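K.L.:
Before we start, here is the structure in question, set down as structure tokens.
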Amino acid sequence: MKTLAVFEPAMTFFDPTLVQFAADLKWLEKYGVNISRHNFGKEPVAFTDNPTVAREMEAGMNRLPMIVVDDQVVFTGKYPSREQLAKALGIEAPPDELSPANAVACPCTP
């Protein structure tokens with residue numbers, strides 16, 4: 001089973017990108033991916049206890065969010081798309097599941 005860990009910055013504002021990213025993580029669960037999320041503001045020890053993440057963090061906070069698949073850093077500084085996540089995890093999903101047309105709309109108002 002693949003594992004995906006998300007190391008995120010301490011959030012002080014609402015980021016609409018996170019709505020779609022959360023849906024993408026839920027989608028990955030149906031493919032058997034074991035997912036964990038760590039917020040720097042709430043769990044700083046998770047960052048320092050992971051040697052791979054700690055080493056990457058030496059370059060600065062701009063490395064967050066950081067996506068780690070099976071102890072390998074695969075994305076830094078941005079939330080990847082569903083298609084990028086599937087590729088990094090070796091998931092061969094039907095194209096209609098990867099399509100932006102299936103993206104979750106932001107429930108926020110301008």
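K.L.:
Only Lys, Arg, Asp and Glu count, each charged at its Cβ (+1, +1, -1, -1), so figure out the dipole size of the chain about its Cα centre, rounded to 20 debye. Mind showing how you got there, number by number?
P.N.:
On the way: 10 positive and 14 negative charges, 25 e Å.
Dipole magnitude for the chain comes out near 120 debye.
K.L.:
Can you tell me what share of the DSSP beta bridges in the stretch 3-102 is antiparallel? A percent to the nearest 5 is fine. Let's see the in-between values first.
P.N.:
Numbers: 8 of 14 bridges.
Roughly 55 percent of the beta bridges in the stretch 3-102 run antiparallel, per DSSP.
K.L.:
Right, something else. Sort the chain into rounded, prolate or oblate with this rule: let a ≥ b ≥ c be the square roots of the eigenvalues of the Cα gyration tensor; rounded if a/c is under 1.5, and if a/c is not under 1.5, prolate when a/b is larger than b/c, oblate otherwise. Mind showing how you got there, number by number?
P.N.:
On the way: a/c = 2.14, a/b = 1.27, b/c = 1.68.
Oblate is the answer for the chain, as a/c is 1.5 or above yet b/c matches or exceeds a/b.
K.L.:
Going by amide H atoms built from the backbone, whose H comes under 5 Å of the H on PHE75, apart from near neighbours?
P.N.:
Counting only residues 5 or more places away or on other chains, the set is ILE67.
K.L.:
How about the stretch 1-101: which chymotrypsin sites (Phe, Trp or Tyr not before Pro) there lie in a loop by DSSP and see at most 10 other Cβ atoms within 10 Å?
P.N.:
Values: sites: PHE7, PHE13, PHE14, PHE21, TRP27, TYR31, PHE40, PHE47, PHE75; in loops: PHE13, PHE14, TYR31, PHE40.
Loop-located and lightly packed - PHE13, PHE14.
K.L.:
Something else: Once you keep just the Cα pairs under 8 angstrom separated by 6 or more residues, what percentage relative contact order results for the chain?
P.N.:
On the way: 131 pairs, mean separation 36.5, N = 110.
It comes to 33 percent, rounded to a whole number.
K.L.:
Report the trypsin sites (Lys or Arg not before Pro) located in the stretch 1-47 that are in a DSSP loop and have at most 15 other Cβ atoms inside 10 Å of their Cβ, or state none. Can you show the working numbers first?
P.N.:
Working: sites: LYS2, LYS26, LYS30, ARG37, LYS42; in loops: LYS2, LYS30, LYS42.
Those satisfying the criteria are LYS2, LYS30, LYS42.
K.L.:
Using DSSP to define loop residues, name the GluC sites (Glu not before Pro) in the stretch 65-101 whose beta-carbon has at most 10 other beta-carbon atoms within 10 Å.
P.N.:
Working: sites: GLU83, GLU92, GLU97; in loops: GLU92.
Listed in order of number, the matching sites are GLU92.
K.L.:
Would you kindly state how much longer the chain becomes between GLN72 and GLU29 on full extension, computed as 0.36 nm times their sequence separation minus their alpha carbon distance, in nm to one decimal? Don't skip to the answer; put the middle values down first.
P.N.:
Working: separation 43, 0.36 × 43 = 15.48 nm, distance 1.90 nm.
Using 0.36 nm per residue and subtracting the Cα-Cα distance, I get 13.6 nm.
Rule-based calculations on the coordinates, nothing more; no lab input. A quick note: this is a predicted structure, and the numbers were derived from the prediction, not measured. Here Cβ is always computed from backbone atoms with ideal geometry, including for glycine, and neighbour counts include all displayed protein chains.
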